[in-house]
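S.K.: Got a structure for you, questions after.
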Amino acid sequence: MTLLVVGASGYLGGEVCRQAVAAGRRVVGTYHANRVELPGVEVRRLDVTDRSAVRTLVAAVRPTTVVSTPYRYDDWTVTADGAAHVAYAAAEIGARLVHLSSDALHAGRPEPYADDDVPTPVFAYGAAKAAAETAVRAIDPGAALVRTSLIVGDERSAQIRLCLDALAGRAALFTDEVRCPVDVTDLAAAVLEVAAGDHAGLLNVAGPEGVSRAGLGLLVARRFGLDPAGLRTATSAGSGLVRPVEVRLDISRAASLLNTRLRGVTELLTR
Ligand SMILES: NC(=O)c1ccc[n+]([C@@H]2O[C@H](COP(=O)([O-])OP(=O)(O)OC[C@H]3O[C@@H](n4cnc5c(N)ncnc54)[C@H](OP(=O)(O)O)[C@@H]3O)[C@@H](O)[C@H]2O)c1
């Protein structure tokens, strides 16, 4: 019963590995540029843009389950083609696949998005995540595709680091961009639960609470004992960037399917 975590050097991938090892699983984890040491994990290097390398590694490891996390914000070949290569290799050996997707494939609107809402990407990263989903679903209709939102936790979270930078005046947080942050430990537990089940297709797995990026910055200030007056803010509308503005994910299906409780961002950062 081997678990292969593609992207074990990433924030979510590392936490999935830690929880799976703690549960007694054999875990093989991959890195690309940043080699990691994770206790109990057999670490291998893999470039997901290399289709034949992905097939070779998966055929050698023969995992029962694959969790696929890799992406690069500005690299279609990693985010979209790489996801397809992993799905193809997993399907070839009949492994259960959980693919990590994103709320960034939605255009943004005031109403929450349901699990099955079709992608309406407005920027390149969202389009690449949408293309990845299409490929994964076509290659393996039995795969689970987990759409998630800002992954928060400790300072290793890129989202938390961005907030700390904005509190130090080195970045600005949008007041009009809303997301549903999720704790990395909750998300990893949910991913492992989804992996152990038979859910096929899309599933929103995020926090239950929407917050603006600037609002997240204020919660981070409270959590880290920093002066909120230092927070630099801006508006997405005024930035000249084309980005999804309000994106909330309806997580009612995940809440009924999973035992893992997905905590809201206020609870997470004010405990
Ligand atoms: N972070 C968020 O707030 C957020 C929000 C919504 C959705 N998501 C989705 O959640 C998933 C995990 O996000 P994360 O924040 O944990 O990511 P992360 O920390 O940035 O990790 C990305 C992983 O992708 C790997 N990778 C990059 N290029 C690769 C390549 N060519 N071949 C193989 N692996 C490669 C990286 O390996 P190296 O570092 O070793 O190169 C790393 O392990 C992603 O699919 C992302 O789209 C994240």
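S.K.: Between Gly201, Gly240, Gly169, which gets the highest mean-square fluctuation from a Gaussian network model of the chain, Cα cutoff 10 Å?
M.R.: Residue with maximal mean-square fluctuation among Gly201, Gly240, Gly169: Gly240.
S.K.: If you find the alpha carbon centre of the range 213-263 and of the range 107-178, how far apart are they in angstrom?
M.R.: That distance is 11 Å.
S.K.: Taking square-rooted eigenvalues a ≥ b ≥ c of the alpha carbon gyration tensor, is the range 63-152 rounded, prolate or oblate, where a/c under 1.5 means rounded and, failing that, a/b exceeding b/c means prolate?
M.R.: Values: a/c = 1.99, a/b = 1.59, b/c = 1.25.
Note, shape of the range 63-152 comes out prolate.
S.K.: Can you list residues whose amide H is under 5 Å from Tyr113's amide H, if they're 5+ apart or on another chain and H is modeled 1.01 Å from N?
M.R.: Placed amide hydrogens put Arg248, Leu249, Asp250 under 5 Å from Tyr113.
S.K.: If you take every DSSP beta bridge fully contained in the range 124-271, what fraction is antiparallel? Give it as a percent rounded to 5.
M.R.: Details: 2 of 11 bridges.
Here the share of antiparallel DSSP bridges comes out near 20 percent.
S.K.: Between Ala80, Ala206, Ala255, where does the largest GNM mean-square fluctuation fall for the chain, given springs only between Cα atoms within less than 10 Å?
M.R.: Evaluated over the chain, the most mobile residue of the options is Ala255.
S.K.: Roughly how many Å² of Glu92 are accessible to a 1.4 Å probe, to the nearest 10?
M.R.: Near enough 90 Å² of accessible area.
S.K.: Considering only protein heavy atoms, what per residue accessible area in square angstrom results for the range 32-191 with a 1.4 angstrom probe? Mind showing how you got there, number by number?
M.R.: Working: 6480 Å² over 160 residues.
Result: 41 Å² of accessible area for each residue.
S.K.: Along the positive direction of the dipole of the chain (beta-carbon charges: Lys, Arg +1; Asp, Glu -1; about the Cα centre), which of Tyr113, Ala172, Gly201 reaches farthest?
M.R.: It is Ala172, whose Cα lies furthest towards the positive end.
S.K.: Let me ask something else about it. For the range 103-213, just the Cα set please: Rg and Dmax, both in angstrom.
M.R.: Final numbers for Rg and Dmax: 15.1, 46 Å.
S.K.: Further question on the same structure: About its Cα centre, what dipole magnitude does the chain give when the only charges are +1 on Lys and Arg Cβ and -1 on Asp and Glu Cβ, stated in debye to the nearest 20?
M.R.: Working: 29 positive and 30 negative charges, 110 e Å.
Dipole of the chain, to the nearest 20 debye: 540 debye.
S.K.: How big is the Cα convex hull of the range 130-182 in projection, averaged over all directions, in nm²? The partial results should precede the final answer.
M.R.: Working: hull surface 20.7 nm².
For the range 130-182, averaging the hull's shadow over all directions gives 5.2 nm².
S.K.: When you take every Cα atom in the chain, what is the radius of gyration, and what is Dmax, the widest Cα pair distance, in Å?
M.R.: Just the Cα atoms of the chain yield Rg and Dmax of 17.9, 54 Å.
S.K.: Add -39500 (n - 2.57) for each DSSP H run of 4 or more in the chain, then divide by its residues: what number comes out at 222 nm, to the nearest 500 deg cm²/dmol? Don't skip to the answer; put the middle values down first.
M.R.: Working: 10 runs with 100 residues, N = 271.
So the helix-based figure for the chain works out to -11000 deg cm²/dmol.
S.K.: Please list 3J(HN,Hα) in residue order for the range 135-141, calculated via the Karplus relation 6.51 cos²θ - 1.76 cosθ + 1.60 where θ = phi - 60°; whole Hz, with x for glycine and proline.
M.R.: 5, 4, 5, 6, 6, 9, x
S.K.: So, one more: Going by the alpha-carbon gyration tensor, a ≥ b ≥ c the square roots of its eigenvalues, is the range 228-271 rounded (a/c under 1.5) or, if a/c is not under 1.5, prolate (a/b greater than b/c) versus oblate? Walk me through the numbers on the way to the answer.
M.R.: On the way: a/c = 5.81, a/b = 1.58, b/c = 3.67.
Oblate, because a/c is 1.5 or more while a/b does not exceed b/c.
S.K.: Just for the Cα atoms in the range 178-271, what are the lengths along the principal axes, largest first, rounded to whole Å?
M.R.: The Cα atoms of the range 178-271 stretch 46, 33, 16 Å along their principal axes.
S.K.: Now for a separate question. Ignoring the sites themselves, what is the longest stretch of the chain with no chymotrypsin sites (Phe, Trp or Tyr not before Pro) in a DSSP loop and at most 15 other beta-carbon atoms within 10 Å?
M.R.: On the way: sites that count: Tyr73, Phe123.
Counting only loop sites that pass the neighbour cut-off, the longest clear stretch is 124-271.
S.K.: Put Arg232, Arg96, Arg179 in order of accessible area, largest first, 1.4 Å probe: what do you get?
M.R.: Details: Arg232 120, Arg96 45, Arg179 10 Å².
I get Arg232, Arg96, Arg179, largest accessible area first.
S.K.: How much of the accessible area of the chain, probe 1.4 Å, is carbon plus sulfur, in whole percent? All intermediate terms of the calculation are to be shown ahead of the outcome.
M.R.: Details: 5980 of 11430 Å².
Roughly 52 percent of what the probe reaches on the chain is carbon or sulfur.
The values are calculated or read from the model by the stated rules, or taken from the named source; none is laboratory data. These numbers were taken from a predicted model, which means no experiment stands behind them. Neighbour counts run over all protein chains shown; Cβ positions are idealised from the backbone, glycine included. Side chains are part of the model used for accessible areas, which takes the heavy atoms of the whole protein and leaves out ligands, DNA and RNA. Shrake-Rupley method; radii C 1.70, N 1.55, O 1.52, S 1.80 Å.
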